[in-house]
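See structure below.
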Amino acid sequence: MKFNQQTKKTCMLLASAFIISLTSCDSSQESVNVKSKTTLKGPTTGILTNTAPVAGVSYIASSGSTGITDAQGVFRYNHGDNVKFKLGELVIGDIEASAIVTPIELAAGNENKLKNLLILLQSLDSDDNPANGISIPAEAASAVKSTLNLEADPATFADTATLQAARESAGIPGEIKSVEEASEYFLSQGVTLLSSHIWVKYDNQSASIIHIAENGSGEYLQGEATADDSCDENRICGGSTIIKAGVEYGITRAEEFDTRGFKLTGSPSIDTNLRAGLSHPRPTWRIHTNGDELIISDIIVAQRERQQSGLFGELFHISRPIELSSDDEPIPTEIKEKRYAKMDNVTNGIVGAWGLNKDTVKSKLFLFFPNSRFMLIDPTGQTYQSEESKCGTPGVEFASYAFDSSTKALKISSFIYDTNGCVGFSDSSDKSISFDISSDGNTATLTTQGEAPVILYRASN
């Protein structure tokens, strides 16, 4: 085939565009979170819960601690332990110990076991009301036999003679919970289970925050300080931005659950971060907590392993003939996780999260991180005195800060993100700011030069 001049130009343009696309894909990897997980040691406690505490379950930790979970669901272990939970002869879970243990952890990836554990725990509750906590009588626990198959079909598990005998031995009222009843209750409490902390994921250049109200309302606030991105979870990129720095506020609810956690869907009344928040969950997106971390997982297409170390080597490698697969050959997938930590908190110090209104999450949230980074999540666009502002909009700020605890002087500088107009610290860069923390560390008085002081409430724990 003969190439004319126009054809040569076209080929060169296509090759250049392809190389650029390879480069852009290679540089779009997520930044590494600078907050490393601290390795804790020594004794601690955890809570066994079915979204409400579970009492009456025996446990033994690998360090030797043994006992029965109390009315608050508390069990004792050492950091790094495995812990085995038992009802009578039956081991209901042998897992890595954590601050919160739910049937999701106990099931260890087995869907049948997860549903049957919900049936078992709720059906052995002494007053047949899991909403006020589950208390399993000693008579019922001791009657549970090892022959009870937690991996059986949940549709028939409720008819198991062993389960019925355990209930009768303790005179438990009501009926054995069906899989539908047990699952519906667990699902209804999923959002509350995730609300124990303000969850953060941050480094020196970005931050992501999730705050869910503890009152069971489903009210949530989410802030993203991140660079514009046009690529989805599978790194499929389009021409328009789908993720940007911004804020999201609304109501979230749990629609379903499985062994990876709950699928939450947000209904936001404020959404300036495009598809970055709970308003746009993917179908396979799940979320759960072990008490120490909030874990968001998704099933994505497995990325092809790079065969060549250099860009041009990779270019010529993938230019080889494509091997077509069968139509019924499954697409390889993998589970990708994002882990959020509890917001750092220093008693009597500035590090922590501070809210402008302690009665709602629809309020400015000030976060001071230990790496000298600051973030403001603003769902209102109002002034600190909750007054309307013509130049303010809902958004976020992300910057550096310096605090002198002796003089109470606070300096915010080097703004990386500023999307809330004129109502944050970015509009006060030329003014003196004081941050006076109360003696008990629970409140602080924020005073900006020329403005009335406001009281902030510590929101982190």
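A short reminder: the numbers here are calculations on the coordinates, not readings from a lab. Source: prediction; values computed, not measured. We place every Cβ from the backbone using ideal geometry, glycine too, and count neighbours over all the protein chains shown.
What's the FRET efficiency of THR162 with VAL346 using the Cβ-Cβ distance as r and R₀ = 41 Å, to the nearest 0.05?
Efficiency for this residue pair is about 0.20.
Once you list every other residue whose beta carbon is under 12 Å from the beta carbon of ASN273, what net charge do they have if Lys and Arg are +1 and Asp and Glu are -1?
Result for the neighbourhood of ASN273: -3.
How much length is gained on full extension from LYS390 to ALA152, taking 0.36 nm per residue of separation minus their Cα-Cα distance?
This chain segment gains 79.5 nm when fully extended.
Could you state, as a whole-number percent, how many of the C-alpha pairs of the chain are farther apart than 32 Å?
That tail contains 51 percent of the Cα-Cα pairs.
What does the charge count near GLY190 come to, summing +1 for each Lys or Arg and -1 for each Asp or Glu among other residues with Cβ under 12 Å from its Cβ?
Once all neighbours under 12 Å are counted, the net charge is -1.
Just to be sure I understand the model, the point goes 7 Å from the Cα along the line to the Cβ. What's the resulting ILE335 to LYS408 distance in nm?
If labels sit at ILE335 and LYS408, their model points lie 5.0 nm apart.
Work out how much length THR45 to ASP128 would gain on full extension: take 0.36 nm times their residue separation and subtract the Cα-Cα distance, in nm to one decimal.
Values: separation 83, 0.36 × 83 = 29.88 nm, distance 2.68 nm.
Once the chain is fully extended between THR45 and ASP128, it gains 27.2 nm.
Only loop residues by DSSP count here, and only those with at most 14 other Cβ atoms within 10 Å; note down the GluC sites (Glu not before Pro) in the range 171-228 that meet that.
Filter output for the range 171-228: GLU175, GLU214.
Evaluate 2.2 N^0.38 Å with N set to the residue count of the range 352-458, then give the Cα radius of gyration divided by it.
Its radius of gyration relative to the 2.2 N^0.38 Å reference: 0.98.
Mind checking the full-extension length gain between GLU214 and SER372? Use 0.36 nm per residue of separation minus the Cα-Cα distance, one decimal, nm. Intermediate results must be reported in sequence, preceding the final value.
Values: separation 158, 0.36 × 158 = 56.88 nm, distance 2.79 nm.
Here the answer is 54.1 nm.
What does the helix-only formula give at 222 nm for the chain: each DSSP H stretch with n ≥ 4 adding -39500 (n - 2.57), the total divided by the residues, and the result rounded to the nearest 500 deg cm²/dmol?
Helix contribution divided over all residues of the chain: -5000 deg cm²/dmol.
Under a Cβ-Cβ cut-off of 10 Å, what is the net charge of the residues other than ALA107 that fall near it, where Lys and Arg count +1 and Asp and Glu count -1?
With Lys, Arg at +1 and Asp, Glu at -1, the neighbours total -2.
Could you give the nm distance between label points at GLU256 and SER230, where each point is 7 Å from its Cα heading toward the beta carbon?
Placing both labels 7 Å along Cα→Cβ, they lie 3.3 nm apart.
Only residues of the range 253-292 count here: report those whose backbone N is under 20 Å from the spot 7 Å along Cα→Cβ of ILE95, or say none.
254-264, 285-292
Modelling each spin label as a point 7 Å along the Cα-to-Cβ direction, I'd like the GLN205/SER169 distance in nm, to one decimal.
6.0
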